[in-house]
Amino acid sequence: MDRVELARLLKAARARIAPEEAGLPAGPRRRLAGLRREEVAQLAGLSVEYVTRLEQGRGPQPSTQVLTALTRALRLERDERDQVFHLAGSSPPLAGRVEMSIRPSVLRLLQRLTDLPAIVLSAKGDVLLQNETAVALLGDLCRWPVGQRNLVWQRFLGVGVTRVAVRPAEDEVSAQQAVGMLRTALSRYPHDPDVRALVEELIAGSERFWSMWEQGRSTMSRSMHKTIDHPDLGCLELDCDTLLLPDTDQSMIVYSAAAGTREAAALEILRVTGTGRRSDPGFEEPAAVTGAALPEDISAASLALGPVFGGR
C-alpha cells in the first residue's frame, strides 16, 4: 500500500469537486475550492477521522467496500478508480465481474432526479444507491448488512424488513422475476464468485428459490405496479419502471404515479419532507418521515431538497 501517493490522489480528487456537483450547499464562508473532508466522509458513509487519516498517509489499509464508497463519493472515472485501488494495495474490479461502482454521470442523474424515488441496482440485484425520495419511500436500504443488501436475497431469505407489499396475485410473478434477474446475472458473469455464492446461499436457504431455479424459467419485466406499505402514508400503488444502464448491466428503478392521484400527492410529501440519513454501520470506521395520515386531496408545499447520499 502506497499511503503517500494514495493520500495525494484523494486530496487532489476532493479539491476538484464543487459542492454543488455533489448536491451540497456551497455556503458563504467556503475559502477553498472543492469539498471539505467532512463532506467526503458524509457522502461516503465514513467517519471524518478515517478520511483524515487516509489523507494524512497514516490510515489502515481500506477494505474494498471503503474504496468503492470513497471513489464513488469523489466521482472518479474508471481509470482513476482503479489507480486508487492499486495504491491501496487492492485489486480493482475485474472484467467479468458484476460492476458495483456507479459512473459519475449516473450519480449526477440520480442527484437531479428529485421529484421521483429512484434506486440503482447491480446486475445481481444489489442496492447500490438511492436518492433521498427513495429513502423516504422505501427506508434506507443501504443500511442493510452488506451481504443482505440485495433484493433477491431479501425476497427469499429476508424477514419482512422491506416496505414492498406483495399481494397473493403478484407473488408468483414477483418471485419469478427475482429468480430471472439472478439467472441472467449468472449467465453473463459465470466466473463471478459473488454471483455463484449468492445462488448457492439462496438454494441452501430457500426451498422455494431452489424449486424455481430448478424449473429453469426466467420472467423479466421492465414495467410493473408495486404496492408500498409506508408507515406514515399507508399503502401506495405505484408504477415501477426499470431503466437499463447497458455498459455496466446496472439498472435504475423509478417509482411514479399519475398526476392528481393520492399516490402522486404522497410522493410530493416525501419529496418535500425527505428523511434524515446516517452513516452506514457496514463500513469501516462508520461515522423518518414524519407527519399525519395522508388526506385524499392534500396539496403539497414546495421546499428545497437536501443532498443525495447512499452507496455501498
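The values are calculated or read from the model by the stated rules, or taken from the named source; none is laboratory data. Computed from a predicted structure; not experimentally measured. FYI the Cβ positions are ideal-geometry reconstructions off the backbone, even for glycines, and counts take in every protein chain you see. Only protein heavy atoms, including side chains, enter the accessible area calculation; ligands, DNA and RNA are left aside. Shrake-Rupley method; radii C 1.70, N 1.55, O 1.52, S 1.80 Å.
Rg (Å, one decimal) plus Dmax (Å, integer) for the alpha carbons of the range 1-83?
Cα-based Rg and Dmax for the range 1-83 come out at 12.2, 38 Å.
Work through the residues other than Ala197 whose Cβ is under 13 Å from its Cβ and net out their charges, Lys, Arg +1 and Asp, Glu -1.
Net local charge, Ala197 excluded: -2.
Over the range 132-253, with the other protein chains present, what is the accessible area per residue in square angstrom, probe 1.4 angstrom?
I get 48 Å² per residue for this part.
What FRET efficiency comes out for Thr227 versus Arg31 if R0 is 45 angstrom and r is the Cβ-Cβ distance? Round to the nearest 0.05.
Plugging the Cβ-Cβ distance into 1/(1 + (r/R0)^6) gives 0.35.
Can you give the Kirkwood hydrodynamic radius for the range 60-208, in Å, rounded to one decimal and based on Cα pairs?
After inverting the mean inverse Cα-Cα distance, the result is 16.8 Å.
Any idea of the accessible area per residue across the range 1-115, 1.4 Å probe, to the nearest Å²?
49
Within the accessible area of the range 132-200, what % is carbon and sulfur when the probe is 1.4 Å and the other protein chains stay in place?
Answer for the range 132-200: carbon and sulfur cover 55 percent of the accessible area.
Accessible area of the range 64-119 with a 1.4 Å probe: how many percent of it is carbon plus sulfur?
Reported share for carbon and sulfur atoms: 50 percent.
Give the distance, in whole Å, between the Cα centre of the range 225-263 and the Cα centre of the range 164-209.
20
Taking every Cα atom in the range 1-145, find the radius of gyration and the maximum pairwise distance Dmax, and write them in Å.
15.3, 46
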